[in-house]
1. Is at least one residue of the stretch 122-139 in contact (Cβ under 8 Å) with a residue 40 or more places away in the chain, in the same structural domain as Tyr308 (by TED's automatic domain parsing) and closer than 30 Å to Pro61 by Cα?
2. Could you grab me the full set of residues in the stretch 61-115 that are surrounded by 15 or more Cβ atoms within 10 Å (Cβ to Cβ), within 16 Å of ligand 1 (Cβ to nearest atom), assigned to a loop (DSSP other than H, G, I, E, B) and not hydrophobic (A, V, I, L, M, F, W, C)?
3. Would you please list the contacts, defined by Cβ atoms under 6 Å and residues six or more apart or on different chains, that run from a residue in the stretch 262-286 that is on the phi > 0 side of the Ramachandran plot and touching a residue at least 24 places away in the same chain (Cβ under 8 Å) to a residue that is basic (Lys, Arg) and part of a helix (DSSP H, G or I)?
4. Any chance the stretch 23-30 includes a residue that's under 20 Å from the mean Cα position of the chain (by Cα) and surrounded by 22 or more Cβ atoms within 10 Å (Cβ to Cβ)?
5. When only residues in the stretch 116-151 that are among the hydrophobic types (A, V, I, L, M, F, W, C) and in contact with a Leu (Cβ under 8 Å, 6 or more places away or on another chain) count, which is farthest from ligand 1 (Cβ to nearest atom)?
6. Quick check on the stretch 116-131: of everything there that is in a loop (DSSP other than H, G, I, E, B) and more than 10 Å from ligand 2 (Cβ to nearest atom), which residue is nearest to Lys175 (Cα to Cα)?
7. Can you name the residue in the stretch 250-282 that is under 30 Å from Ala32 (Cα atoms) and either aromatic (Phe, Trp, Tyr) or assigned to a helix (DSSP H, G or I) (or both) and is also nearest to ligand 1 (Cβ to nearest atom) among such residues?
8. For the stretch 153-206, name all the residues that are farther than 16 Å from Ala232 by Cβ and within 14 Å of ligand 2 (Cβ to nearest atom).
Amino acid sequence: MNAVKPIKTVDDLLQAGLATPDDRAMLDEVAARYAIALTPVMARLIDRADPDDPIARQFVPDPAELTVVTGERADPIGDHAHSPVEGIVHRYPDRVLLKAVHICPVYCRFCFRREMVGPQGLGTLDAAAMQAAFDYIADHQKIWEVILTGGDPLVLSPRRLRDIMEALAAIAHVKIVRFHTRVPVVDPEKIDAALIAALKASGKTVYVALHANHPRELTREARAACARLVDAGIAMISQSVLLKGVNDDPDVLAELMKAFVEIRVKPYYLHHPDLAPGTGHFRLTIDEGQRIVAALRGRISGLCQPAYILDIPGGHGKAVIGESVIRATGDGCYSVSDYRGGEHSYPPAG
Ligand SMILES: *Cc1c(COP(=O)(O)O)cnc(C)c1O
Ligand code: SF4
């Protein structure tokens, strides 16, 4: 029953054995609202005998997606309010998002941009819109970093990626180009010599932020794809989403973060899920999240510690929301807790 071709429709899901005909009406209803896709690599990774498989939970549609709860919104992190020209989101002075494409090789059921991505989504910037985006970046001297996201920018062909990198090469104040992607995990063969050469075409420092949420995603092929990037001089960081039923367990997260470090991907962010419509079944409370993240402290190397992040709804940016380990006790003194929970005082300065 293993799928050999990409899964993009309800029929494909049924054929691949990832759903049963009884699910058909529900699947049609979900598919009418949100894009569906799995790559063959991800479809093969799913254990069909496990009803709680953490890979299936990320990619196979669920009836819970039809329930929208209070507070959920189409634009959970307020991209729209900070978009001066099509495809650019400029919230912080020194960096912009460049959303060249709104297509992904897989569609995550918890996606924060689920109302914008997919075949019915915001589409791909045309040549004129790309030029306007580059002009905006060139006109803003303070932009030090350009973050290609979307959608998944590594669905673009090496030729398109090379065009983007060459356009950025001409803008001297841009020093860093960062890509946010799932491709090394979900379609590792795409990370070939042509793609890597395109990423390096600007001569700028390139970072690839890899999105993965469960240690099983880091297959031998995915690890090899990351090695090709890192060996080529591209720095890698991770981003994961803390998801109920996928990785809401300190053991699973510890294994994921250690695996990242082992393959030279520095753990960067662990996101609290955003308030995207129909994703309530993935969200823990912030209290639960803080406890899980605190359990990583002291137990795994400092190299393996991600920052626990909330993107403040409404476009107010990101905040680090790990449990505070230090509190002021008056007269310039502090009480600080160690990783076992012991409390210690710290004296005033001077
Ligand atoms: C998340 C985000 C960034 C990147 O933030 P970092 O903390 O640098 O990773 C930049 N711009 C916008 C609009 C974002 O939402
Ligand atoms: S890869 Fe990113 S943008 Fe695409 S569906 Fe998943 S979370 Fe959304």
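1. Checked against the condition, which is being in contact (Cβ under 8 Å) with a residue 40 or more places away in the chain, in the same structural domain as Tyr308 (by TED's automatic domain parsing) and closer than 30 Å to Pro61 by Cα, the stretch 122-139 yields no hits at all.
2. Passing the criteria: Arg73, Asp75, Pro76, Gly78, Asp79, Ser83, Glu86, Gly87, His102, Arg113, Arg114, Glu115.
3. Final answer for the pair search is none.
4. No, there is no match, as no residue in the stretch 23-30 is under 20 Å from the mean Cα position of the chain (by Cα) and surrounded by 22 or more Cβ atoms within 10 Å (Cβ to Cβ).
5. Phe134
6. Leu125
7. Here the residue is Phe282.
8. Pro153, Val155, Leu156, His180, Arg182, Val185, Val186, Asp187, listed by residue number.
The values are calculated or read from the model by the stated rules, or taken from the named source; none is laboratory data. Computed from a prediction, not measured in an experiment: that's the story for all the values here. We place every Cβ from the backbone using ideal geometry, glycine too, and count neighbours over all the protein chains shown.
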